Amino acid sequence: MPSIIVVADTETEDRIASGDDRRAFQLKERVSASDVVNPHFSTQLIERIGWALADAEQAERRGEDSALR
């Protein structure tokens, strides 16, 4: 089944060099085309995606702040 995945892009040079790609998922949800036909489901899905995007952006900012130190 298809999935929607939102992750923060917080790669650092140290993690890339070590091959560590354990980024925290902000959203990982399986969705089918038949689910999206339902207006209530679609509205709720868009809301969850919006929250996940905001969380990912915040995680990226925290990552950039710690990289500057």
Filter the stretch 2-24 for residues that are hydrophobic (A, V, I, L, M, F, W, C), outside any loop (DSSP other than H, G, I, E, B) and surrounded by 10 or more Cβ atoms within 10 Å (Cβ to Cβ); which is modelled with the lowest pLDDT? Ile16
Which residue pairs have Cβ atoms closer than 9 Å, lie 6 or more positions apart in sequence or on different chains, and pair a first residue in the stretch 36-47 that is touching a residue at least 12 places away in the same chain (Cβ under 8 Å) with a second residue that is acidic (Asp, Glu) and in a helix (DSSP H, G or I)? Leu45/Asp35
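From Leu27, Leu45, Leu53, which residue is outside any helix (DSSP H, G or I), among the hydrophobic types (A, V, I, L, M, F, W, C), surrounded by 12 or more Cβ atoms within 10 Å (Cβ to Cβ) and modelled with pLDDT of 85 or more?
Leu27
The values are calculated or read from the model by the stated rules, or taken from the named source; none is laboratory data. In this text, all values refer to a predicted model and were calculated from it rather than measured experimentally. In this analysis, Cβ positions are derived from the backbone assuming ideal geometry, glycine residues included, and neighbour counts consider all displayed protein chains.
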